Amino acid sequence: MRTGSMRVADISVGAIRKNVGRIRELTGDANVIVVVKAGGYGHGAEIVARAAVAGGATMIATADLEEALQLRECGIDAPLLCWLHGPRVDFVPAIEQSIDVGISHLRQLEALAQAARSTGRRATLQFKVDTGLSRNGASRDEWDALFARGAELEREGLVSVRGIFSHLANAGEEADLAQGANFDEAIAMLRAAGCEPELIHLAASAALFTRPELYYNTVRVGVVAYGLSPIAGKNSAQLGLTPAMTLRSEVVALRGVPAGTGVSYGFNHICEVATTLALVPVGYADGMPRALNGAGAWVTIAGEACPIVGRIGMDQFIVDVGRLGGRIDLGEPVVLFGNPERGFPSIDIWAALMRTIHYEILVGIGPRVLRRAVDEDAA
């Protein structure tokens, strides 16, 4: 455990539990799979996995097998799924650690079967099919052979086909429903081949709020579990979600400067009046995007919004604290973003200023930032 960290991401496990509860409220009896890939969307995969299971998640999912194995090493014993594999992947650890393997083509299926033979244990798989996203997943012309071989291997006792899933492109109602029709065809073909999937999932975060007809018996969600909106024009509060991450730092230097003072590299900001500048030890190495330079971003210090000024460096940025200068000292807390319902800047502000999505900002938060689980409910 590190102490004295100047850069901290507080992760509210209570918020994650509540968000999973909100998902269950919307979906009723459906199973809930929470995705914790990319280090739990930058929140810390172990922290999120534990909170999600406590909130009622049925299964935890990652992209890579390595990510899933790391969760097992942390003591996460919940059902796990991973689905993005390279051609040289070794599936033996997945079988040994009881991790469901997403299978997208015959070569992967045969590799999994061979791993099962070598271990003497049955492998558990879920077929991933492409229904229109044109990305990962078996294409339509592979389904017959893939499902037939899966059924054959299941009869041989080498694999167990637990599920089938796909991913929506979120390209509008017509496209979503067309993908749903394609998915229905894949489910029917899998059943005709002789497999009865326990978990059937297509709907992800956006469809959770827009396509209840695509819930099937399982939903697989990412960003909503972290309390962020997947829908343009709707914020977290409007969807009944609570942002889980509060990105914090502190003031490590204060200086009063006269009008006309240039700030940081290139003097792209000149102080118009005499003011106080505060130094905050977070930079682009920590995921503080340089694209926020001069963009109008702000942080919260002593409950007030204070603008970021000058160019953002690798390790630090500067805030104009103005009249707060005489009321704050070194060590004053700084909130970069968090739950706007608590008066903090929203991560959506950064995303809008950078013309990107909040996902990109979250997963870009660097390893120097300490992820710290906090239980605000208990507090």
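The values are calculated or read from the model by the stated rules, or taken from the named source; none is laboratory data. As the structure is a prediction and not an experimental result, all values here were calculated from the model. Please note: Cβ atoms are built from the backbone with ideal geometry, for glycine as well, and neighbour counts cover all protein chains shown.
Tabulated data for the structure shown
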| quantity | calculated |
| --- | --- |
| Long-range neighbours under 9 Å by Cβ, at least six apart or interchain, first residue touching a residue at least 60 places away in the same chain (Cβ under 8 Å) and closer than 25 Å to residue 59 by Cα within the range 126-146, second in a helix (DSSP H, G or I) and of a type in the set (Asp, Glu) | 131/185 |
| Failed criterion for residue 259 (all others in (1) part of a loop (DSSP other than H, G, I, E, B); (2) at pLDDT 95 or above; (3) under 30 Å from residue 22 (Cβ atoms) hold) | (3) |
| Single residue of 259, 285, 295 found to be touching a residue at least 60 places away in the same chain (Cβ under 8 Å) and assigned by TED's automatic domain parsing to the domain that holds residue 356 | 285 |
| Residue check, residue 300 outside the structural domain of residue 52 (by TED's automatic domain parsing), surrounded by fewer than 19 Cβ atoms within 10 Å (Cβ to Cβ), within 29 Å of residue 231 (Cα to Cα) and among the β-branched types (Val, Ile, Thr) | no |
| Any hit, the range 206-214, residues being buried (at least 22 other Cβ atoms within 10 Å of the Cβ), within 30 Å of residue 370 (Cβ to Cβ) and out of contact with any Lys or Arg (no Cβ under 7 Å at 6 or more places or on another chain) | no |
| The lone exception for residue 91 - which of (1) surrounded by 15 or more Cβ atoms within 10 Å (Cβ to Cβ); (2) closer than 25 Å to residue 208 by Cβ it fails | (2) |
| Selection count, the range 231-268, where residues are under 33 Å from the mean Cα position of the chain (by Cα), buried (at least 16 other Cβ atoms within 10 Å of the Cβ) and hydrophobic (A, V, I, L, M, F, W, C) | 6 |
| Matching entry among 265, 216, 226, 284 (being at pLDDT 95 or above, farther than 23 Å from residue 351 by Cβ, out of contact with any Ser or Thr (no Cβ under 7 Å at 6 or more places or on another chain) and of a type in the set (Phe, Trp, Tyr)) | 216 |
| Residue that is nearest to residue 267 (Cα to Cα), among those in the range 317-342 that are part of a helix (DSSP H, G or I) and not aliphatic (A, V, I, L, M) | 322 |
| Those residues of the range 176-207 which are assigned to a loop (DSSP other than H, G, I, E, B) and under 19 Å from residue 32 (Cβ atoms), in sequence order | 197, 198, 202, 203, 204 |
| Candidate set: the range 119-175, residues that are polar (S, T, N, Q) and either in contact with an Asp or Glu (Cβ under 8 Å, 6 or more places away or on another chain) or not in a loop (DSSP other than H, G, I, E, B) (or both); chosen: the one surrounded by the most Cβ atoms within 10 Å (Cβ to Cβ) | 166 |
| The range 278-299 - residue that is closer than 12 Å to residue 365 by Cβ, assigned to a helix (DSSP H, G or I) and not small (Gly, Ala, Ser) and, of those, farthest from the chain's Cα centre (by Cα) | 284 |
| The range 333-363: number of residues that are touching an Asp or Glu at 6+ places or on another chain (Cβ under 9 Å) and either of a type in the set (Gly, Ala, Ser) or under 21 Å from residue 278 (Cβ atoms) (or both) | 5 |
